[in-house]
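Input: a single structure, listed below in structure tokens.
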Amino acid sequence: MNTTNGSATLFNEAYHAAYDYVSDYTAFSLLRALRTAGVPIRGGFSEEEAVQRLGCLPQYRLHVRWVLAFLVQQQALTVLAQGNYMEVRPEAWYRPAQAAGLNLNIEPSMRLIDYVISWWPAIVQGKADPLHVMFGSQGSSLWERYFNNGHDLYAVHNQWAAESLADEMPDGRKSKVLEVGVGYGSAARALLAECQLRSQEIDTYLLSDVSPLLAGKAKGMLAADYPRVAIQSRKIDINRIQGVTACSFDFIYAVNVIHCAESVRDTLAMLRELLSEGGCLVVSECVRADYASRLHQEFVFSLLPGFGNVQPWPEAPPCFGFRTAEEWRQLMQAAGFRKAQAEVNAGAQVRGVMIKGWV
């Protein structure tokens, strides 16, 4: 695993402070939800009692276990004898006014957390479908604001990926690019803007997503702003990549999507087959320092099907979806890339990784 200083401007002190603030906000909101459910967080309680007070179905027990481990990590709960938990921070430990000094837009993170926590008891009780909650009209609008370059906690990953891919592009030659999991198009917009700034030319840019509606919407928005690029769109499921000719692309680009694959190694191997000789896959992912660390994003994502437990030690509290940088590098090697590297962000805390593989 490599550590890079190239991301120092993006992952600066303000970013890390904002990330920590949102982590505390998530913990504070979860404590409040537990209290509302009748969990005696001040007097001491067990995991089993939390599950019962929440009315939690068996399939969400791991999720509750993650919540308790996250609250311990954030020093909001402490572990007592016999594995019981108790609140240790005073009521006033969370200060909303502290956000004013961050000078970053973190509202999309906070509003999404508010929304999901408001539905959390109903979801774990089986009274609400998380897919309907997340991707109904209200949820979709929150996601669109979350996966947006105006959201400073998310935009840094897009920009870092755009700069990293642009660094690999040869001068004086047009490139063919495939993006998988284009979503709302924010990563594509970052890449197109970066290439325009550097006067690097993209010949063909294929935007793909498991949702052809999202891919088509992104194409419609971006084609008007970048008329010199032949922007196309199509449906591609990263678990079953079909209908794309092998050796078709110089670069493949994926921001916060490959972790959703049923088999990450198999998906990486399928993408490798689509690269021409000398081509490069650039993958940007949120990442954990180790499997003792939990990311606040896991709370929301772990309620969705397919965002499974990746904890390598079954007896330990779960970790959902996000892997370590070294594991990403090993997965790239296992997928058959000639060369693979994984670089974590600058700063004291590991938040993201830039993975590159060459054929």
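The values are calculated or read from the model by the stated rules, or taken from the named source; none is laboratory data. Values in this document were obtained by computation on a predicted structure and should not be read as measured data. Methodologically, a virtual Cβ is constructed for each residue, glycine included, from the backbone with ideal geometry; neighbour enumeration extends over all protein chains shown. The protein model used for the area step is the full one, side chains on, heavy atoms only, and it has no ligands, DNA or RNA in it. Shrake-Rupley method; radii C 1.70, N 1.55, O 1.52, S 1.80 Å.
Each listed q (0.07, 0.10, 0.12 Å⁻¹) maps to a log10 I(q)/I(0) for the chain from the Debye sum over equal C-alpha point scatterers, namely -0.31, -0.63, -0.90. What the phi angles of the stretch 166-171 give under the Karplus curve with 6.51, -1.76 and 1.60, with θ = phi - 60°, is a coupling list of 4, 4, 8, 6, x, 6 Hz, glycine and proline written as x.
Counting only protein heavy atoms and using a 1.4 Å probe, what share of the accessible area of the chain belongs to carbon plus sulfur, as a whole percent? Spell out each step's value before the answer.
Details: 7740 of 15460 Å².
The computed percentage sits at 50.
For Ala33 and Gln242 in the same chain, what is the full-extension length gain: residue separation times 0.36 nm, less their Cα-Cα distance, in nm?
70.9 nm
Once the Cα atoms are used to define both axes, helix 264-273 deviates from the longest principal axis of the chain by about 10 degrees.
A simple spin-label model places the labels of Arg198 and Glu273 3.0 nm from each other, with each point 7 Å out along Cα-to-Cβ. Bridging of Lys356 to lysines at a Cα separation below 24 Å is possible for Lys174, Lys176, Lys235, Lys339, once same-chain residues fewer than 8 apart are set aside.
Write down the percent of antiparallel bridges among all DSSP beta bridges whose residues are both part of the chain, to the nearest 5. Mind dumping the intermediate values first?
Working: 19 of 41 bridges.
Beta bridges within the chain, antiparallel portion: roughly 45 percent.
For the stretch 192-198, 3J(HN,Hα) computed residue by residue from phi via the Karplus equation (6.51, -1.76, 1.60; θ = phi - 60°) reads 4, 5, 5, 5, 5, 4, 8 Hz, glycine and proline entered as x. Spacing of the modelled spin labels on Ala334 and Leu213, each 7 Å from Cα toward Cβ, amounts to 3.5 nm. Between Ala224 and Gln125, the distance separating the two model label sites (each 7 Å from Cα on the Cα→Cβ line) works out to 4.4 nm. If Lys and Arg each add +1 and Asp and Glu each add -1, what is the summed charge of the other residues whose beta carbon sits under 11 Å from the beta carbon of Pro40? Residues close to Pro40 contribute a combined charge of +1. Going by Cα centres, the stretch 107-164 and the stretch 272-346 are how many Å apart? Using only Cα atoms to place each centre, the spacing works out to 20 Å. Protein heavy-atom accessible surface, 1.4 Å probe, per residue over the stretch 122-202: 41 Å².
Please give the FRET efficiency for Gln75 paired with His132, using the beta carbon to beta carbon distance and R0 = 30 Å, rounded to the nearest 0.05. Display every interim value, and only then the final one.
Details: r = 34 Å, r/R0 = 1.15.
Between Gln75 and His132 the formula returns 0.30.
Couplings 3J(HN,Hα) for the stretch 72-77, derived from phi with the Karplus relation 6.51 cos²θ - 1.76 cosθ + 1.60 (θ = phi - 60°), are 5, 4, 7, 6, 9, 10 Hz, where x marks Gly and Pro.
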